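**Student:** Pasting a structure below so you can have a look.
The values are calculated or read from the model by the stated rules, or taken from the named source; none is laboratory data. Note that this is a predicted model, so its numbers are computed, not measured. Cβ coordinates were reconstructed from backbone atoms using ideal geometry, including for glycine residues, and neighbour counts include every protein chain displayed. With ligands, DNA and RNA removed, areas are computed over all heavy atoms of the protein, side chains included. Shrake-Rupley method; radii C 1.70, N 1.55, O 1.52, S 1.80 Å.
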Amino acid sequence: RARIIDANTEAVCEFLRSQTDVVKHIFYPKYTTPHHYDKCRVPGAGFGGLFSMTFHDMRVSKAFFDALPCPKGPSLGTNFTLASPYAILAHYLELDWVSGYGVEPGLVRVSVGMENREVIMRWLETALKAAREVA
């Protein structure tokens, strides 16, 4: 289970990092803090199934999230992919405060599951297409 989720997530993040016309930043341990993550991860394990992403504009973020055809919700660690508008969901009444720490209101958090990788990639293509239409 962990190997499949790790591999799916790494592939998804690699793909999304190349979509710079829509995606502003990918927050994933492999790219942001690998030296810290390496100190606590199990030898041979991947970087986990969770990542967050930001966009160049709030309209683009909303379009991406709304068009992403996976289940939506705040839970993590399920066998299926979930996405949530993390900053809005977790900090709705304190968006100014979290933005002071670099958390953008349009941040989307994704917990990648065990679906066939091609299915997840098609979902992302669908969401990116919608995002590009409003960009």
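**Student:** Through the Karplus equation 6.51 cos²θ - 1.76 cosθ + 1.60, θ set to phi - 60°, convert the phi angles of the stretch 118-126 into ³J(HN,Hα) values in whole Hz; use x for Gly and Pro.
**Tutor:** So the Karplus estimates, Gly and Pro as x, are 5, 5, 4, 5, 5, 4, 5, 4, 4 Hz.
**Student:** With every protein chain left in place, what is the accessible area per residue of the stretch 85-135 in square angstrom, probe 1.4 Å? Don't jump to the answer; show the numbers that get you there.
**Tutor:** Values: 3010 Å² over 51 residues.
With the other protein chains kept in place, the stretch 85-135 gives 59 Å² per residue.
**Student:** Would you mind checking which residues have amide H under 5 Å from residue 24's amide H? H placed 1.01 Å from N; only 5 or more apart, or other chain.
**Tutor:** The list, which skips near neighbours in sequence, is 54, 55, 56.
**Student:** Testing the spin-label approximation: label points 7 Å from Cα along Cα→Cβ at residue 134 and residue 1. State their distance in nm.
**Tutor:** Result: 3.4 nm between the two label points.
**Student:** Can you give me the Kirkwood hydrodynamic radius for the stretch 39-119, using every pair of distinct Cα atoms, in Å to one decimal? All intermediate terms of the calculation are to be shown ahead of the outcome.
**Tutor:** Details: mean 1/r = 0.0719 Å⁻¹.
After inverting the pairwise mean of 1/r, the radius is 13.9 Å.
**Student:** If only Cα atoms are counted, what is the Rg of the chain, and what is its Dmax, in Å?
**Tutor:** 14.4, 43
**Student:** Which of the peptides 36-44, 87-95, 119-127 is most tightly packed, and how do the rest follow, judged by the mean count of other Cβ atoms within 10 Å per residue?
**Tutor:** Details: 36-44: 9.2, 87-95: 13.9, 119-127: 16.7.
Result, highest mean Cβ count within 10 Å first: 119-127, 87-95, 36-44.
**Student:** Run lengths n ≥ 4 of DSSP H only: what is the helix-derived mean residue ellipticity at 222 nm for the chain, with -39500 (n - 2.57) per run over all residues, to the nearest 500?
**Tutor:** That calculation yields -14000 deg cm²/dmol at 222 nm.
**Student:** Please work out the FRET efficiency for the pair residue 59 and residue 17, using the Cβ-Cβ distance as r and a Förster radius of 22 Å; give the result to the nearest 0.05.
**Tutor:** Details: r = 21 Å, r/R0 = 0.97.
E(calc), rounded to 0.05, equals 0.55.
**Student:** Return one whole number: the accessible area per residue of the stretch 1-74 in Å², for a 1.4 Å probe.
**Tutor:** Values: 4030 Å² over 74 residues.
Spelled out: the 1.4 Å probe surface of the stretch 1-74, per residue, equals 55 Å².
**Student:** Going Cα to Cα from residue 30, which aspartates and glutamates come in below 18 Å? Please leave out same-chain ones fewer than 8 positions away.
**Tutor:** Output for residue 30: 6, 10, 14, 38.
**Student:** Oh, and also: For residue 45 and residue 126, calculate 0.36 nm times their separation in residues minus their Cα-Cα distance, and state this gained length in nm to one decimal.
**Tutor:** Values: separation 81, 0.36 × 81 = 29.16 nm, distance 2.99 nm.
Working it through step by step, the gained length comes to 26.2 nm.
**Student:** At a 1.4 Å probe radius, carbon and sulfur cover how many percent of the accessible area of the chain?
**Tutor:** It is 58 percent, rounded to a whole number.
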